[in-house]
Each structure stands twice: as C-alpha cells, then as structure tokens.
1. Considering only residues of region 86-125 that are surrounded by 18 or more Cβ atoms within 10 Å (Cβ to Cβ) and hydroxyl-bearing (S, T, Y), which is nearest to the chain's Cα centre (by Cα)?
2. In region 68-99, which residue that is out of contact with any helix residue (DSSP H, G or I) (no Cβ under 9 Å at 6 or more places or on another chain) and at pLDDT 95 or above is nearest to C30 (Cα to Cα)?
3. Tell me which of these G82 doesn't satisfy, since it passes every other one: (1) buried (at least 18 other Cβ atoms within 10 Å of the Cβ); (2) within 22 Å of the chain's Cα centre (by Cα); (3) over 15 Å from L39 (Cα atoms).
4. Tell me yes or no: at least one residue of region 35-51 is basic (K, R) and either buried (at least 19 other Cβ atoms within 10 Å of the Cβ) or on the phi > 0 side of the Ramachandran plot (or both).
5. Does region 100-139 hold any residues that are assigned to a loop (DSSP other than H, G, I, E, B), of a type outside the set (A, V, I, L, M, F, W, C) and closer than 21 Å to K26 by Cα, and which are they?
6. If K160 meets every condition in (1) at positive phi; (2) without any contact (Cβ under 8 Å) to a residue 12 or more places away in the chain apart from one, which number is that one?
7. In region 89-113, which residue that is among the small types (G, A, S) and touching a residue at least 12 places away in the same chain (Cβ under 8 Å) is farthest from I133 (Cα to Cα)?
8. So V128 ticks every box in (1) of a type outside the set (F, W, Y); (2) at pLDDT 95 or above; (3) out of contact with any Ser or Thr (no Cβ under 9 Å at 6 or more places or on another chain) but one. Which box is left unticked?
Amino acid sequence: MLLIEEVLLSEDLFLQQFTCNLNACKGACCWEGDWGAPLEDDEIETLKEIREQLRPFLTAAGNELIDKVGSHVFYDENQTNGTPLIQGAACAYLTYDENGTGRCGIEKAYQAGVSDFIKPISCHLYPVRYTKIEHVDFEALNYERWEICQAACALGESLKMPVFRFVKDALIRKFGNSFYEELEKVANDYLLDKRTIVDPPNP
C-alpha cells in the first residue's frame, strides 16, 4: 500500500491496466452484482433534489421503483446506502441505447445540461473502490477485479492505461487537483522502481 494525504492506495492502481470497453460488456456492471451503487450522504440528498429532473431520462421500470422505494435504499448485507435495483438486478437509474448498451440516466441528464451532478462517485471511480476507515481516520482506494471486466483489462493493456489514470477525472473530483498531481509524482517513482515506465498522456 502507498500513502498520499492520508489516503491509502493499493499498488494495483499503478500496476494494473484498465479501460472500459462498452462494446464488449454492454455496461454489465450496472446490472450485475448483489446491491446498487454505493451512495455518499450528500449524494442521497442530491438524488432526492433532482428526482423530477431525472424522470425523463429513466426507464418506466426505474421510475416506478424509485417512486415506490425512494431515490436510495439501505443494504443490510454491506451496511451501505445505494441505488435501488430492479428485481435485484439492474440499477434503477440504468437506461439502454439503441444497441442495448447500458447507459447511466443520471449521466445522460448531466450531459443534457439538466443537472450538474454527473453520477455517484462510486460509479465515476469504478473499477476503483473507495472506503472510509473510521477507526484510524484513513481513506482507502483499492482496485476491484471482476470477471465481467476482462475486456476492459485487455483494452487497458493494449492502450497501456494504468487504472489510476483511467479514473483521473473521478480522483480529481473526489480529492482535488493537488492530490492527483502528487499521485502522478508517486506513480512515476513507483513505476520506475518496478522497471515499468508509463508516460502520462500529453496535456
């Protein structure tokens, strides 16, 4: 593990490579799994506030479920608040394009200029998982391996895209520019030590 600004980072963020390949997976991470996307407290309030703005961007089933249970639910299994799931599968905020590829309705509303909330940070950071370690007052970032993302791993390897750079925008959103700049410095030193040099993208 590496430490930057009291955030613990798994070595996998630097050594593993990843780039989403929606042509292959069709957005399966939005309908696979046992519970919805984790939500932070402020995100729960935001989803309540923008509920009606999101309505035109969601499916009938998604709207029906949110009207019934609310913008979020609490999952006993992992003791977290998350997005509701339609019949235990698809996220209530999931929509589909003409090719059957899953698209986030929250993000579609953002792209249409209806909302300034792009999507939950847990989704934005994926495949990186964020956790708050309360008893030691640390935060942690880990890379989550999932079989359905094999195509994303293959594409990341072909593009030589380390996990941490794939989620650059999300990391800056969560922790700020100075954190990411420090991350790049640490990453370059670390990758050199591992004899794996990955040049950052051109600005």
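The values are calculated or read from the model by the stated rules, or taken from the named source; none is laboratory data. Just so it is clear, the structure is predicted and the values come from calculations on it, not from any experiment. Glycine gets a Cβ as well: all are built from the backbone with ideal geometry, and neighbour counts include every protein chain shown.
1. S122
2. V73
3. Checking G82 against (1) buried (at least 18 other Cβ atoms within 10 Å of the Cβ); (2) within 22 Å of the chain's Cα centre (by Cα); (3) over 15 Å from L39 (Cα atoms), the one that fails is (3).
4. First, pick out the residues of region 35-51 that are basic (K, R): 48, 51.
Then drop every residue that is not either buried (at least 19 other Cβ atoms within 10 Å of the Cβ) or on the phi > 0 side of the Ramachandran plot (or both), which leaves none.
The answer is no, given that none of the residues of region 35-51 is basic (K, R) and either buried (at least 19 other Cβ atoms within 10 Å of the Cβ) or on the phi > 0 side of the Ramachandran plot (or both).
5. Initial filter on region 100-139 (assigned to a loop (DSSP other than H, G, I, E, B)): 100-101, 112-120, 126-127, 137.
Among the residues that remain, those that are also of a type outside the set (A, V, I, L, M, F, W, C) are: 100-101, 113, 115-116, 119-120, 126-127, 137.
Of everything in region 100-139, those that are assigned to a loop (DSSP other than H, G, I, E, B), of a type outside the set (A, V, I, L, M, F, W, C) and closer than 21 Å to K26 by Cα turn out to be G100, T101, K119, P120, Y126, P127.
6. Against the list (1) at positive phi; (2) without any contact (Cβ under 8 Å) to a residue 12 or more places away in the chain, K160 comes up short only on (2).
7. Selected residue: G100.
8. All conditions pass for V128, except number (3).
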